[in-house]
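Chemist: Below you'll find the structure I mean.
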Amino acid sequence: MKKIILTFVFSLIFSISLSAQVLPEVGVENTLSTSFGSPYSNVITKNPADEGIHYYGILDTLQVRLDVGMFTAEGMLNWGALTDWKLDGSFNSFTFKNTSITPFYYTNWSYQGGWWTSPYIESYYVNFLFHPVKGLDFGMGTRLNWVIGPAPTSYQNYWEPAAHIAQGGLKDAAPGHADVAGYTYYASCYTCLYELNTKAALGLRYCLDDKLEIGVSLPSGVTTSAPLFNAAFAIHPVKQFKASVAYEGILRSNGNLYAGLTIDFNYVIMDAYLAINFRNNRFLADPYTEHWGDHWGTGGAITFKIPNIEMKLRPEAGFSFFNNSNYTMAWYTGARMEFNFAETFVLGAWSSYAVGSSDNRWYDKDYEKTALYHPEYTGGHIFDIRPDLTWNVNKNHAISLYFDFQNRLRFDDTNWNTWASGIYWTYKK
C-alpha cells in the first residue's frame, strides 16, 4: 500500500508539475568576505596554539537566478582562499578550493551535535523550477528552500553579514553528547528531511494569491522499500493572520510535525511555532538506554517596527523538551536589532543566551558507581553577541563590518571563548 501511495505522489509531481527561493528575485548576488579572530580557547588551560590573532583568508559566494518563460534556474557556488595564519607566527599557505566554510564557521566550529546544527553549508546548490500556470510550481534541486511558516532561523544565510546562531547555539544532541545540547528541529521547510540529513528534493506546490499554499515533496534518498513524503499547508485569509502546518515523513512511524502561526499588525508581528519530533536517533542515541526518546519544542518571536526612527527589534525565545524524564528542559532567548541612519547606513546587532539540557542521572547517587555519575556536570550555557554595520554605497554595492564574540560553558564545566571579525563586500544586480 505504501508503494502504491508513493508511486501516486511521484506521478502527481511529474504529470502536473510546486516561489520564494534561496535568491528571492532574478539577478546575481556575490558576497566576498575576509575574516580574522581567535579560535576557541579554553579559558583556564589556555593552549598557546589557540591564543593570538589568526587570519582566516578570503571567501566568496556567488548566487545566480534566471527566470525565462515558465522556467526558473538558480545556483550557488562557495569558494575560498583559506588559511589559518597566526599573525605573530610564520605564514601559513593559502588553499584554494570549493568549500563548505563561511565566516559564520569561525565562531561556531564545534563539531559536536547533529548535522542540522553544523556550522557548514552546502558548498553549492542548483535548483530548477517549472511554472506551467500561475501559482503552480514543480521544483527539483539540492536546496529548494520551500518554507511554509515561521521558525527560529539564522536570520540570513550563513555567508551573509547579518547571519547569527540559531536557537542560541544549542546543539542537536542529547545531554552529554554535545557541549550544550537542546536544539529543536522545526520541519517548517518541507523540502528537507531530518532523518537523511538532506535539503534536496522534488517538490510540487500550489499558491493562491498568497492566501493559500499546499505543497508536497519527495526528499532525496527516499526508496520504494522505505517510502515517505512531506506535506505542508498554509492559509492566509487576511493580512493579519496566517496559520501553517507541515508533516515530514508521511508513511513513516518517526515523522516530524510542525505548526506555525503569524499575527501581523503592521508595526507589531507575532510568530509562534511548535515542533513534535519522532526523530531517527542513529547519531544521537543514549548508550545507556534503548533510546533517548522523542523530542518536542515550542517558541515565539515578536517583531517591533518603529517607522519614525527606522528601527526594527525582534526578541525571541524557545524551549526544548525530551520525553526521556532524565533530561531537563533546554531554553534560549535572543534578539536582533536593526537601525537605519544617515540614509545609507544600517547598524545591526544580535545577542543571545542559551542554557542546555542536563541529565538527572549525573547527580543521582544510585548511579554513583557508573559512568553516568558526574555531579560536577551542568547543562552548560552559551552567550553570543554579534554587532554589524552596513554601508549601502548604492543600489548595487554594500560594505559590512562585523564582530562576533561567543562564550561556551560546556556541560563538563570547561569554559571556552572565541571571537571573529571581518569585512564583507556584497554586490547585487
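The values are calculated or read from the model by the stated rules, or taken from the named source; none is laboratory data. On a predicted model such as this, the values are computed, not experimentally measured, just so you know. Cβ sites come from the backbone with ideal geometry, for glycine too, and all protein chains shown count toward neighbours. Please note that ligands, DNA and RNA were not included when accessible areas were found on the heavy atoms of the full protein model with its side chains. Shrake-Rupley method; radii C 1.70, N 1.55, O 1.52, S 1.80 Å.
Chemist: Tell me what the chain gives for mean residue ellipticity at 222 nm when only DSSP H runs of n ≥ 4 count, each as -39,500 (n - 2.57), the sum divided by the residue total, rounded to 500 deg cm²/dmol. Walk me through the intermediate numbers first.
Modeler: Numbers: 1 runs with 15 residues, N = 429.
Theoretical 222 nm ellipticity from helices: -1000 deg cm²/dmol.
Chemist: Taking the alpha-carbon set of region 139-269, what are its Rg and Dmax in Å?
Modeler: Every Cα atom of region 139-269 included, Rg and Dmax give 15.9, 50 Å.
Chemist: When the expected Rg is taken as 2.2 N^0.38 Å, what fraction or multiple of it is the alpha-carbon Rg of the chain? Provide the component values of the computation, followed by the final result.
Modeler: Values: Rg = 22.3 Å, N = 429, 2.2 N^0.38 = 22.0 Å.
For the chain, the normalised Cα radius of gyration comes out at 1.01.
Chemist: Whole Å is fine, so just give me how far the alpha carbon centre of region 366-394 lies from that of region 203-256.
Modeler: 33 Å
Chemist: List the residues, sorted by chain then number, that are 5 or more residues from W416 or on another chain and whose placed amide H is less than 5 Å from its amide H.
Modeler: Those lying under 5 Å, H to H, from W416 are V43, R408, L409, R410.
Chemist: Assign unit charges at the C-beta atoms only (+1 for Lys and Arg, -1 for Asp and Glu), then state the dipole size of region 286-426 relative to its Cα centre in Debye, rounded to the nearest 20.
Modeler: Numbers: 11 positive and 17 negative charges, 115 e Å.
In debye, rounded to 20, region 286-426 gives about 560.
Chemist: Work out the length of the dipole vector of the chain about its Cα centre, built from +1 on the beta-carbon of each Lys and Arg and -1 on the beta-carbon of each Asp and Glu, and round it to the nearest 20 debye. If you can, show how the numbers build up before the last one.
Modeler: On the way: 30 positive and 38 negative charges, 179 e Å.
Here the size comes out at about 860 debye.
Chemist: In a solvent-free Debye calculation with one equal scatterer on each Cα, what is log10 I(q)/I(0) for region 128-173 at q = 0.24, 0.25, 0.27, 0.32 Å⁻¹, listed in the order of the q values?
Modeler: -0.97, -0.99, -1.04, -1.14
Chemist: If the cut-off is a Cα-Cα distance under 22 Å, which lysines reach K211, setting aside same-chain residues fewer than 8 apart in sequence?
Modeler: Once the sequence-local lysines are set aside, what remains near K211 is K134, K239, K242.
Chemist: Also: In Å², and per residue, what accessible area does region 116-215 have when probed at 1.4 Å with the other protein chains present? Provide the component values of the computation, followed by the final result.
Modeler: On the way: 3060 Å² over 100 residues.
Heavy-atom SASA per residue in region 116-215 reads 31 Å².
Chemist: Where the accessible area of the chain is counted over protein heavy atoms with a 1.4 Å probe, how much of it, in %, is carbon and sulfur? Can you show the working numbers first?
Modeler: Working: 12460 of 19490 Å².
Accessible surface attributable to carbon and sulfur in the chain totals 64 percent.
Chemist: Here's something else I'd like to know. If you average 1/r over all unlike Cα pairs in region 182-223 and invert the result, what Kirkwood radius do you get in angstrom?
Modeler: Values: mean 1/r = 0.0862 Å⁻¹.
That comes to 11.6 Å for region 182-223.
Chemist: Which whole-Hz couplings ³J(HN,Hα) result when phi for each residue of region 247-253 is put into the Karplus expression 6.51 cos²θ - 1.76 cosθ + 1.60, θ = phi - 60°, listed in order with x for Gly and Pro?
Modeler: For region 247-253, the Karplus curve yields 10, 9, x, 4, 5, 10, 8 Hz.
Chemist: Let me ask you something else. Charges on Cβ only, +1 for Lys and Arg, -1 for Asp and Glu, centred on the Cα centroid of the chain; of A81, L196, W296, which one is farthest towards the dipole's positive end?
Modeler: Farthest along the dipole direction, towards plus: L196.
Chemist: Translational D (Stokes-Einstein, µm²/s) of region 283-429 at 10 °C and 1.306 mPa s when Rh comes from the Kirkwood sum over C-alpha pairs?
Modeler: Details: Rh = 18.5 Å.
D = 86 µm²/s.
Chemist: Also, quick follow-up: In region 308-377, what GluC sites (Glu not before Pro) fall in a loop by DSSP, with at most 11 other Cβ atoms inside 10 Å? Numbers along the way, then the final one.
Modeler: Working: sites: E310, E316, E338, E343, E368, E376; in loops: E310, E343, E368, E376.
Listed in order of number, the matching sites are E343, E368, E376.
Chemist: If you don't mind, another one. One quarter of the convex hull surface, Cα atoms only: what value does that give for region 193-349 in nm²? Numbers along the way, then the final one.
Modeler: On the way: hull surface 50.1 nm².
Averaging across all directions leaves 12.5 nm² for the Cα convex hull.
Chemist: Taking the highest mean first, how do the peptides 235-245, 319-329 order by number of other beta carbon atoms within 10 angstrom per residue?
Modeler: 319-329, 235-245
Chemist: Using mean Cβ contacts within 10 Å as the protection proxy, how do 59-67, 219-227, 172-180 order, highest first?
Modeler: Values: 59-67: 18.3, 219-227: 15.4, 172-180: 24.6.
Result, highest mean first: 172-180, 59-67, 219-227.
Chemist: Turning to a different aspect of this structure: Leaving out ligands and nucleic acids, note down the accessible area per residue over region 275-429 with a 1.4 angstrom probe, in whole Å². All intermediate terms of the calculation are to be shown ahead of the outcome.
Modeler: Numbers: 7860 Å² over 155 residues.
So region 275-429 comes to 51 Å² accessible per residue, rounded to a whole number.
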